[in-house]
Amino acid sequence: MKCPNCSAECADDAQECDFCGHPFVESQEPAVATPPAPPLPTTTSQRAVYTASEPTYTIPETNYTPPPTPPDNPYAANYPSSGRAPRESYRAGSVPNYLVWAILATLCCCLPAGIVAIVYAAQVDGKLAAGDYDGALASSKNAKMWSWISFGGAGVIFVLYFLLILMGGMADPGRY
Amino acid sequence: MATPKVVIPGLVIAFFLVALLLLQFDPNQAGNPLPPCPFHWLTGLYCPGCGATRALHALLHGDPGKALSMNPVFVLALPIVALLFAAKWLKLPPVLLRATKFFSDARPWAWLLIGFAVLRNLPWYPFSLLAPG
């Protein structure tokens, strides 16, 4: 069976991905239940309803208090991109950290960009362990980007180097 | 990152290209066409990847001791990186899968590589062992 999240090969009877923990069976209850906020009644519409049903009765303006809204998901404002509230911790690997690419970029590309990539990769796992899913997503994006910067920079440098070698070789054919 | 259909052939081709170059040319000889580390060339400092070309050359010529002396972290990380790649695309036995999980936390790697980058530039024994050569 192939994991739909990280495309790792897993056992066919697995309940969740061995590698990233992605559940294979839909859970019965949604992971994060966000109660829909009820429409806030405005003062004027409230009064209109009251006047329609009881034309003689008027509420004094000072006595009106809006009905208390049920507690909304308090993290919705802070976590707009995935809507996943912080919890104790998220399973390592549920957000890709691009670790292999960061290691390869650090060890094979000789550029400081590889170090940046691996620091971001470490941030992904640190934030997942701390339950900060969206922070991990942001770091994951940066880890991927800096790995590519590292590979791209090294590619450009090495192509230029081989071009110079080639030209040097043509100018001095006795060298090789 | 990219799809396995692109990455796997790319990695295989890159590996054989590098192996071919290293069997053809000796990075220890002056005037070899293999690229030096641009970071070392610019700054005179060793980066975490310095010595990787010579280490790979030594490995391909059956000299693991010399390979370790050139870049120990690179040599030791090679099989782990191969394992992490394999876990992405192949069905691995549970033992290897546990090893994969053990190695896939990036935080120890970051400490290791940054520490290695700093320590191998210290000129004193035993840190001088970490410098290539």
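Just so you know, in the range B:93-111 the residues that are at the interface with chain A (Cβ under 8 Å from one of its Cβ atoms) and among the aliphatic types (A, V, I, L, M) include one that is farthest from B:Val73 (Cα to Cα), and it is B:Leu97. Total residues in the range B:84-93 satisfying the condition of being assigned to a helix (DSSP H, G or I) and out of contact with any Asp or Glu (no Cβ under 8 Å at 6 or more places or on another chain): the figure is 5. A search for C-beta distances below 6 Å between a residue of the range A:1-21 that is under 21 Å from B:Phe103 (Cα atoms) and of a type in the set (S, T, N, Q) and any residue that is surrounded by 13 or more Cβ atoms within 10 Å (Cβ to Cβ) and modelled with pLDDT under 70, counting only pairs 6+ apart in sequence or on different chains, returns A:Asn5/A:Cys20. Taken over the range A:109-144, the criterion of being under 18 Å from B:Thr43 (Cα atoms) and buried (at least 21 other Cβ atoms within 10 Å of the Cβ) is satisfied by A:Cys109, A:Cys110, A:Leu111, A:Ala113, A:Gly114. Taking the range B:1-83 and the helices (runs of 4 or more DSSP H) fully enclosed by it, the elements with 3 or more residues that are more than 13 Å from chain A (Cβ to nearest Cβ) and on the phi < 0 side of the Ramachandran plot are at B:4-24, B:52-60, B:64-70. Just checking, does the range A:133-147 include any residue being more than 10 Å from every other protein chain (Cβ to nearest Cβ), touching a Gly at 6+ places or on another chain (Cβ under 6 Å), small (Gly, Ala, Ser) and assigned to a helix (DSSP H, G or I)? No: zero hits.
Out of all the residues in the range A:91-101, is one or more outside any helix (DSSP H, G or I), at the interface with another protein chain (Cβ under 7 Å from one of its Cβ atoms) and within 14 Å of B:Ala110 (Cβ to Cβ)? Among the residues of the range A:91-101, at least one is outside any helix (DSSP H, G or I), at the interface with another protein chain (Cβ under 7 Å from one of its Cβ atoms) and within 14 Å of B:Ala110 (Cβ to Cβ), which makes the answer yes.
The values are calculated or read from the model by the stated rules, or taken from the named source; none is laboratory data. Being a predicted model, the structure only gives us computed values, none of them experimental. Here the Cβ is made from the backbone with ideal geometry for all residues, glycine too, and neighbour counts use every protein chain on show.
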